[in-house]
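*Asks:* Here's a structure for you.
The values are calculated or read from the model by the stated rules, or taken from the named source; none is laboratory data. Note that the structure is a prediction, hence the values are computed from the model and not measured. Here the Cβ positions follow ideal geometry from the backbone for every residue, glycine too, while neighbour counts run over all protein chains shown. All accessible areas refer to the heavy atoms of the entire protein, side chains included, with ligands and DNA or RNA removed. Shrake-Rupley method; radii C 1.70, N 1.55, O 1.52, S 1.80 Å.
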Amino acid sequence: MEKILITGGAGFIGSNLCEHFLSKNYQVVCLDNFATGHRHNLTKCLENKNFQLIEGDIRNLETCQYAVKGISYVLHQAALGSVPRSINDPITSNEVNVNGFLNMLVASRDAGVKRFIYAASSSTYGDSESLPKVEDKIGKPLSPYAITKYVNELYADIFNKTYGLETIGLRYFNVFGRKQDPNGAYAAVIPKFVKLLMNHESPVINGDGNYSRDFTYIDNVIQMNEKAMLTENPDAVNQVYNTAVGDRTNLNDMVYLLKKYLSEKDPKIAEVHIVYGPYRKGDIPHSLASVEKAKKLLNYQPTHHFAKGLEEAVNWYWENLK
């Protein structure tokens, strides 16, 4: 029974990964400092004898070294997300996303970890206007957060070339789904809007609503992590992959579908007014991924396109936010 370390395992993506790999009978170690993650995300996991929780911070090298003991695979999800957060506090974002990342690489190298899979970001594409986004064509970063995630890719590449550590980066595109936190100043748009609509409050769209995103349901992200972890294709390792659907939805259409699914449960939601506000600093206008590389090298096949994923997410929030 192989052992997996999931950093940031109490967060949205991390806790879904913990549950998935426990269901596959892996031993799972979760490292989290609960800065943005939540203990209630781990309720099911804590009941499982194959699960271990380490409360600690990736900015502490000794903590990282302790966490990787006996680990075969690292799924590194721990980070301070959010473009606005990084603009407001670039120092802390850098400490966690760069220094913490480097600590995990060093600890994984020294512990003889088989493979290091890490959460990269679509923000790395920066000011590149080409669509769809292809892995080897990026622009200049538009935020401190984007810089930190690009630095992760550079460090991972160097650790492979210099020390032989196998690495795979997954550039997440606007992940959404069950367990994503709707609360807080830096909440992602879909859970935030779901909560507002359920409370009959008006969501605010930044701009005119025509900005588009390749919204990616959590089950597609779980699939990519699993395929990256288990692939035996030598050409697939030491690469970076778009982790997305390969389709885009603008914010107006996203809100239309949200209201449609939610008003089936509460007809009053159909009457909630949408408010339009100013554009947000650091936002890219459009995001659309090519997933051809992942399909070719990892045999990735997204199971959830946006509408299907959104309907499942709405059902989960309806049961868990009421």
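*Asks:* Name every residue in the stretch 259-273 that is aliphatic (A, V, I, L, M) and assigned to a loop (DSSP other than H, G, I, E, B), in order of residue number.
*Replies:* To start, the set of residues in the stretch 259-273 that are aliphatic (A, V, I, L, M) comprises 262, 269-270, 272.
Selection gives 272 alone.
*Asks:* What tally of residues in the stretch 287-300 results from selecting those that are over 18 Å from the mean Cα position of the chain (by Cα) and either farther than 23 Å from residue 127 by Cα or not acidic (Asp, Glu) (or both)?
*Replies:* 6
*Asks:* Looking only at the stretch 235-258, how many residues end up being open to solvent by 40 Å² or more (accessible area, probe 1.4 Å) and either assigned to a helix (DSSP H, G or I) or β-branched (Val, Ile, Thr) (or both)?
*Replies:* Residues in the stretch 235-258 being open to solvent by 40 Å² or more (accessible area, probe 1.4 Å) and either assigned to a helix (DSSP H, G or I) or β-branched (Val, Ile, Thr) (or both): 4 in total.
*Asks:* Are any of the residues in the stretch 17-24 under 19 Å from the mean Cα position of the chain (by Cα), closer than 21 Å to residue 224 by Cα and in a strand (DSSP E or B)?
*Replies:* no
*Asks:* Answer yes or no as to whether residue 73 is of a type in the set (Phe, Trp, Tyr), under 23 Å from residue 223 (Cβ atoms) and modelled with pLDDT of 95 or more.
*Replies:* The answer is yes for residue 73.
*Asks:* Please enumerate the residues belonging to the stretch 118-150 that are under 20 Å from residue 225 (Cα atoms) and not charged (D, E, K, R).
*Replies:* 118, 119, 120, 121, 122, 123, 124, 134, 150
*Asks:* To continue, here is another question. Please pick out the residue among 168, 158 that is under 27 Å from residue 116 (Cα atoms), under 18 Å from the mean Cα position of the chain (by Cα) and either without any contact (Cβ under 8 Å) to a residue 12 or more places away in the chain or surrounded by 18 or more Cβ atoms within 10 Å (Cβ to Cβ) (or both).
*Replies:* It is 168.
*Asks:* Looking at residue 37, is it touching a residue at least 12 places away in the same chain (Cβ under 8 Å), of a type in the set (Gly, Ala, Ser), open to solvent by 40 Å² or more (accessible area, probe 1.4 Å) and not in a helix (DSSP H, G or I)?
*Replies:* So residue 37 fails the test.
*Asks:* Also, quick follow-up: Among the residues of the stretch 47-73, which ones are among the aliphatic types (A, V, I, L, M), more than 17 Å from residue 3 (Cβ to Cβ) and either part of a loop (DSSP other than H, G, I, E, B) or within 22 Å of the chain's Cα centre (by Cα) (or both)?
*Replies:* Of everything in the stretch 47-73, just one residue is among the aliphatic types (A, V, I, L, M), more than 17 Å from residue 3 (Cβ to Cβ) and either part of a loop (DSSP other than H, G, I, E, B) or within 22 Å of the chain's Cα centre (by Cα) (or both), namely 58.
*Asks:* Still on this structure, please answer the following. I'd like to know if the stretch 171-191 contains one or more residues that are closer than 30 Å to residue 112 by Cα, within 20 Å of the chain's Cα centre (by Cα) and either open to solvent by 50 Å² or more (accessible area, probe 1.4 Å) or among the β-branched types (Val, Ile, Thr) (or both).
*Replies:* no
*Asks:* Could you tell me which residue of the stretch 1-25 is farthest from residue 113 (Cα to Cα), considering only residues that are hydroxyl-bearing (Ser, Thr, Tyr) and buried (at least 20 other Cβ atoms within 10 Å of the Cβ)? Outline the logic, then answer.
*Replies:* Taking the stretch 1-25 as the starting set, the residues that turn out to be hydroxyl-bearing (Ser, Thr, Tyr) are 7, 15, 23.
Add one more test, that the residue is buried (at least 20 other Cβ atoms within 10 Å of the Cβ), and what stays is 7, 15.
Working: 7: 14, 15: 21 Å.
That would be 15.
*Asks:* Looking at the stretch 88-116, which of its residues are more than 18 Å from the chain's Cα centre (by Cα) and over 18 Å from residue 66 (Cα atoms)?
*Replies:* Once the filter is applied, which keeps residues that are more than 18 Å from the chain's Cα centre (by Cα) and over 18 Å from residue 66 (Cα atoms), the stretch 88-116 yields 88, 89, 90, 91, 92, 95.
*Asks:* Within the set of pairs 6+ apart or on separate chains, which have a first residue in the stretch 241-252 that is under 16 Å from residue 284 (Cα atoms), a second that is open to solvent by 20 Å² or more (accessible area, probe 1.4 Å) and in a strand (DSSP E or B), and C-beta atoms under 9 Å apart?
*Replies:* 248/213; 248/286; 249/213; 250/213; 250/286; 251/206; 251/213
*Asks:* Okay, moving on. Take residue 226 and tell me if it is open to solvent by 70 Å² or more (accessible area, probe 1.4 Å) and either without any contact (Cβ under 8 Å) to a residue 12 or more places away in the chain or acidic (Asp, Glu) (or both).
*Replies:* Judged against the criteria, residue 226 is not a match.
*Asks:* Scan (1) in contact with an Asp or Glu (Cβ under 8 Å, 6 or more places away or on another chain); (2) part of a loop (DSSP other than H, G, I, E, B); (3) surrounded by fewer than 16 Cβ atoms within 10 Å (Cβ to Cβ) for the single condition residue 276 breaks and write down its number.
*Replies:* Going through (1) in contact with an Asp or Glu (Cβ under 8 Å, 6 or more places away or on another chain); (2) part of a loop (DSSP other than H, G, I, E, B); (3) surrounded by fewer than 16 Cβ atoms within 10 Å (Cβ to Cβ) one by one, residue 276 breaks only (2).
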